[in-house]
Amino acid sequence: MFFSNCSLRCVFCQNAEISTGGLGQTITVERLAELFLELQQQGAHNINLVTPTHYQPQIIVALDLARAAGLQLPIIYNTSGYETVETIQLLTGYVDIYLTDFKYASRELAARYSKAPDYPQIAEAALQAMFEQVGEYSVDEGGMLRRGIIVRHLMMPDQRTDSQAVLDKLCARYGNSICYSLMNQYTPMPDVSQFPELCDTVDEREYSELIDYALNLGVTNSFMQEGDTVGESYIPPFDTLSNSAL
Ligand code: SF4
């Protein structure tokens, strides 16, 4: 479930219609609770809240309403990682799984692409708060993730060193207590034309070397991407639900 807007506004965003364009429709917290329950009735394995932070108070009310009406699915908080510790602590008891980015180790890259030079330290503190809250990565007998953290890292063109620094930092602290999702799907969007270095895709060999680097660090809990991931197949068409569906 995608929420309109995003607090980070990266220049390379592949979901710019939503993150900066504000695409979406206004609904009440009661309707949001109903949508959670409808997803459960349709057989969803979880409720995946994407860029939810700026609606956190309303989401908490909706989750209370939905749980009182029978919602039992795990709740995934799908975030850029640019979160305050206080925000994460307020989610105690509401979130089972954090699917969080760790975009940059470098303040310079964070400043250049997200106008957030403090991203590395903010994301690091937020991740620790998430870990203290939900603990180690765990799956049920069917192999479904029930609790824990998946850290997503999108490799950027020619930024292998920064990706390695992200892995160094995370592996040293969490090892395989968390799961790593290493992505090579970076796709240049029209808005990056002012950033010549971003007008390229990730080199296949660089990505492969990053995977080797992760394996050498001892990573065993991980998702990696294979084949051609660049292009529109990873950029969903955001046609909002019709008013009647909402
Ligand atoms: S954090 Fe993700 S959704 Fe938000 S602007 Fe950056 S890339 Fe887009």
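The values are calculated or read from the model by the stated rules, or taken from the named source; none is laboratory data. Keep in mind the model is a prediction, meaning the values are calculated, not measured. Please note: Cβ atoms are built from the backbone with ideal geometry, for glycine as well, and neighbour counts cover all protein chains shown. For accessibility, only protein heavy atoms count, side chains too; no ligands or nucleic acids. Shrake-Rupley method; radii C 1.70, N 1.55, O 1.52, S 1.80 Å.
A quarter of the convex hull surface defined by the alpha-carbon atoms of the range 16-232 gives 12.7 nm² as the mean projection. The DSSP beta bridges internal to the chain are antiparallel in roughly 10% of cases.
Computed from the C-beta positions of Asp140 and Leu215 and an R0 of 25 Å, the FRET efficiency is 0.45 to the nearest 0.05. Note on exposure: Thr28, Thr187 ranked by accessible area (1.4 Å probe, complete protein assembly) read Thr28, Thr187, with the most exposed listed first. With the simple spin-label model, which puts each label point 7 Å out from Cα in the Cβ direction, the Arg31 to Gln194 separation comes to 3.5 nm. Placing dummy labels 7 Å off each Cα toward the beta-carbon, the span from Gln42 to Gln128 is 4.0 nm.
Each residue of the range 132-144 is assigned a 3J(HN,Hα), and the resulting list reads 5, 7, 10, x, 6, 4, 9, 10, 8, 5, x, x, 7 Hz, derived from the Karplus form 6.51 cos²θ - 1.76 cosθ + 1.60 (θ = phi - 60°), x at Gly and Pro. If you take the Cα centroid of the range 33-62 and the Cα centroid of the range 89-130, the two points sit 21 Å apart.
Each of Gln72 and Met1 was given a label point 7 Å from its Cα along the Cα-to-Cβ line. The distance between the two points is 1.9 nm.
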